[in-house]
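Here is the structure we will look at.
No lab work stands behind these numbers, since they all come straight from the coordinates. Computed from a predicted model, the values in this text were never measured in an experiment. Every residue, glycine as well, gets a Cβ built from its backbone with ideal geometry; the counts of neighbours run over all protein chains shown.
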Amino acid sequence: MRAGYCGSVDECCYRFCCYRFDAELVEKVVAKLKRGKAAGLDGLTSEHLQHSHSLLPVVLAKLFNLMMQLGNVPPQFGESYTVPIIKNNYNMYSKSITVDDFRGISISPVVSKVFEHCILERYGKFFYNE
């Protein structure tokens, strides 16, 4: 009856240690972030993370593992703002500008982007496209 029992999360996760986030993964994801992008509502850009102290990936890995363990993501990770960008096919001499001549891009916090990329790196094989 107790063959599948786990007393604590650490006991349960020893079998799944290859799916935990580590500092190397976070560091690789941060290094791959595109530079020169707009800052999110928190005011941070990818350059802030790329030029930060070398302990930041360790701290972020611990934070991401805690979030996965608790099954809770901070609501600030979902906050973003939309910026209207004019479409490429716009000719300013042919007509007046309408709403249809713009597309929106969403600017989200860079730490949430790192978290998303870490999830895709670790768990991507469990997702599928239809």
Check: Applying the Karplus parametrisation 6.51 cos²θ - 1.76 cosθ + 1.60 with θ = phi - 60° to the phi angles of region 60-69, what ³J(HN,Hα) value in whole Hz is obtained for each residue in order, glycine and proline being reported as x?
Finding: 5, 4, 5, 4, 5, 5, 5, 4, 5, 5
Notebook entry, point to check: Once amide H atoms are built 1.01 Å from N in the peptide plane, which residues 5 or more positions from L33, or in another chain, come under 5 Å H to H?
Noted result: none
Margin query: With θ taken as phi - 60° and the coefficients 6.51, -1.76 and 1.60, list the Karplus ³J(HN,Hα) couplings across region 102-110 in order, rounded to whole Hz; mark glycine and proline as x.
Written below: 10, 10, x, 10, 9, 9, 10, x, 5
Check: In a shell of Cβ-Cβ distance under 14 Å around E121, excluding E121 itself, what net charge do Lys and Arg (+1) and Asp and Glu (-1) give?
Finding: +2
Item checked: Radius 15 Å from Cβ of I85, net charge of other residues (Lys, Arg +1; Asp, Glu -1) -> +1
Item checked: Interchain or long-range residues, amide H under 5 Å from F102's placed H -> K87
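Work out how much length A38 to I119 would gain on full extension: take 0.36 nm times their residue separation and subtract the Cα-Cα distance, in nm to one decimal. Provide the component values of the computation, followed by the final result.
Numbers: separation 81, 0.36 × 81 = 29.16 nm, distance 2.26 nm.
Separation in residues times 0.36 nm, less the Cα-Cα distance, equals 26.9 nm.
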Next item on the list: Return the long-range amide H neighbours of G40 (sequence gap of 5 or more, or a different chain), with a cut-off of under 5 Å between placed amide H atoms.
Entry: V110
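Take the alpha carbon atoms of region 48-130, find their radius of gyration, then divide it by 2.2 N^0.38 Å using N residues; give the quotient.
1.60
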